[in-house]
Amino acid sequence: MLRKLVQSRCLSNGVRSSLHSLTRVSSTLSFSSSTGTTNSFEEELDHKNHTSPLVEPSSTISIDRSGLHNPPAHTHEPSSGSELVKHLKGIIKFRGGPISIAEYMEEVLTNPKAGFYINSDVFGSEGDFVTSPEVSQMFGELVGVWTVCLWEQMGRPDKVNIVELGPGRGTLMADLLRGTSKVANFTKSLHAHMVECSPALRDLQYKTLKCAPEDVRSDSGDERVMSQFSNVPISWHSTLEQVPSGLPTIIIGHEFYDALPVHQFQKTTRGWCEKMVDVADDSRFHFVLSPHPTPANLYVMKRLKWAVKEEIAKLEHIEVCPKGMELTHEIAKRVGSDGGGALIIDYGLNGVVSDSLQAIRKHKFVDILDNPGTADLSAYVDFASIRHSAEETSENVSIYGPISQSQFLGSLGINFRVEALLENCTDEQAESLRTGYWRLVGDGEAPFWEGPEDQTPIGMGTRYLAMAIVNKHQGVPVPFQ
């Protein structure tokens, strides 16, 4: 049945043509499992008087529910949540008024002592949410195909920085390096840079990438860390700005933009008013509207200039992500000057985002203000804003997409890959493979599912989008032709 499912998805004439152009690269890649056996399948499912009352939103956009199910028991340390609550209330009291949703979101996710991402592993079936690399090894392998194709378009440089933003457990990079191990000149050119602020996740990435100190120190005298996957050197940084420049660079941003803090605004008779977080008389957090313009209003005006009239005519709410714009500026500047490209894959819209901020704890949606620090906060990515931000930064970059994740993976050969894995797997592995395949490229609930209804696989194929920012002198990257 899975073969029929595979044959019915993504294999249009256009996709077949794109796949034909990738044959030479794909045939040299080492698609091996974590155990090292070629073409064998590894199961991966491893407020106050000085503020205005808030009017409830009259409309919202649909929320991504991919990957939500009933997981095994999993909790966060309650002391961290309590500590963060006290910290947030302290900030609000010190300011003498509410804070922006963006500041709230940033504290909740990356506070050095009690941030959601800082002290624990929140990924996978036993965490709070599942990302594509944790669904199947095929995702990282095919992103590897994309990087090799881009490297060839770059002229096969001898030294390349490959950067991953927010690497999670390190699964994507591990699968990428393992999958491309047979392209020796490619892997030999790489220095991997992991942009990660969480000490706990850095430790996980170190283990996932099978890292060990190198016997010989680097030219700067620092101890170098090498991954056992193709002996690629690995470095960690807190921000992209800390990654050395001057070399051609390949940047991967998978589910990174969605965690960047957003500002929310609501249209009122006074114009666009920012939605803020304050402490109510009962000591609970609640939303209020700012009585005066805020610095983020400048970003709203900028975003509205980029939009068409039809897009904003009936708009009552809007989200803007200044840090997303700033990150895109840095990416476009590097790609424009040093060469290379960036691949951004995330859930979002190719247009203005209205009211999408959500909180997920133990794979279930919860209130955004409930027990901060114990749930993941994320928002839809505004891909049109990424495009405009890149274009205004550098004349030397070209932007392609977004296209759906299903189209992206289909064009890179996921159907051939799943067929190859089916040739050497047990019935149980085939079921996991089928589920993982649907999660990556499917749309909606899996039609073949016969298990518990609350565990029905939900496809991410059309919910997630892919965009590329590349140096304009390198041509059009696959599969955006």
Based on the alpha-carbon gyration tensor of the stretch 259-303 and its eigenvalue square roots a ≥ b ≥ c, which shape applies: rounded if a/c is under 1.5, prolate if not and a/b is larger than b/c, or oblate?
oblate
Return the ratio Rg/(2.2 N^0.38 Å) for the stretch 364-403, where Rg is computed over Cα atoms only.
1.83
In the structure shown, do any of Lys89/Lys275; Lys93/Lys364; Lys275/Lys323 have a Cα-Cα gap over 22 Å, and if so which?
Lys93/Lys364
Might you report the magnitude of the Cβ-based charge dipole of the stretch 351-481 about its Cα centre, with Lys and Arg at +1 and Asp and Glu at -1, to the nearest 20 debye?
380
Under the rule a/c < 1.5 gives rounded, and otherwise a/b versus b/c splits prolate from oblate, where does the stretch 295-419 land using the Cα gyration tensor?
oblate
Can you tell me the convex hull volume per residue for the stretch 365-480, based on C-alpha atoms, in Å³ to the nearest whole number?
160
In Å², nearest 10: area of Arg95 left accessible to a 1.4 Å probe
130
Proximal charge balance of Phe229 [Cβ under 11 Å; K/R count +1, D/E count -1]:
+1
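Using a 1.4 angstrom probe on the protein heavy atoms only, could you order Tyr104, Tyr117 from most to least accessible area?
Working: Tyr104 5, Tyr117 35 Å².
From most exposed to least exposed: Tyr117, Tyr104.
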Can you list the residues of the stretch 90-109 with backbone N under 18 Å from a point 7 Å past the Cα of Leu315, pointing along Cα to Cβ?
102
Rounded, prolate or oblate: which one fits the stretch 250-331, using the alpha carbon gyration tensor with axes a ≥ b ≥ c (rounded when a/c is under 1.5, else prolate when a/b beats b/c, else oblate)?
oblate
By accessible area (1.4 Å), largest first, Glu450, Glu83 order as Glu450, Glu83
Give me the net charge for the shell around Pro248: Cβ to Cβ below 11 angstrom, other residues only, Lys and Arg +1, Asp and Glu -1.
+1
Once the whole set of protein chains is in place, how much accessible area is left on Met154, using a 1.4 Å probe, in Å² to the nearest 10?
40
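The values are calculated or read from the model by the stated rules, or taken from the named source; none is laboratory data. If you're wondering where the values come from, they're calculated on a predicted model, not measured in any experiment. As a convention, Cβ positions derive from the backbone with ideal geometry for all residues, glycine included, and neighbour counts pool all protein chains shown. What goes into the accessible areas is simple: the full protein's heavy atoms, side chains included, and nothing from ligands, DNA or RNA. Shrake-Rupley method; radii C 1.70, N 1.55, O 1.52, S 1.80 Å.
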